[in-house]
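Every number here is computed from the coordinates shown, using simple stated rules; none is lab data. Quick caveat: nothing in here was measured; it's all calculated off a predicted structure.
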């Protein structure tokens with residue numbers, strides 16, 4: 001949840017234009033999905049359901065990282081916040097990918 005809050009606070013620093021509206025929407029959807037689906041993973045009723053949820057978490061964490069890298073490349077928003085969020089996202093992705101790999 002802290003990751004999502006950081007992302008949403010970062011998005012408040014991004015100037016709004018045609019391009020950033022799309023980017024903001026995509027990043028907010030992907031990043032909120034990471035936490036929501038990890039929570040669902042923790043409450044899963046079966047091994048298959050757990051695996052399905054962790055796969056979604058990995059996919060959404062990777063997509064979040066993709067959008068964050070575009071913000072970095074375009075130099076949009078508070079770069080200090082962005083760098084910290086990107087590092088946190090990378091760590092989250094490593095952890096959830098490791099969980100996924102250990103399940104398969």
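Observations, loosely collected:
- Cα-only Debye scattering, region 26-104: base-10 log of I(q)/I(0) at q = 0.11, 0.12 Å⁻¹: -0.30, -0.35
- The chain: most fluctuating residue of 28, 46, 64 per GNM, C-alpha cutoff 10 Å: 46
- Calculated mean residue ellipticity at 222 nm for the chain: -29500 deg cm²/dmol, from DSSP H runs with n ≥ 4 weighted as -39500 (n - 2.57), summed, divided by the residue count and rounded to 500.
- Max mean-square fluctuation residue, GNM over the chain, Cα-Cα springs under 10 Å, options 30, 61, 40: 40
- Mean separation of Cα contacts under 8 Å (6+ apart) over length of the chain, as relative contact order %: 33 percent
- Of 60, 88, 49, the one that fluctuates the most in a GNM where the chain has Cα springs shorter than 10 Å: 49
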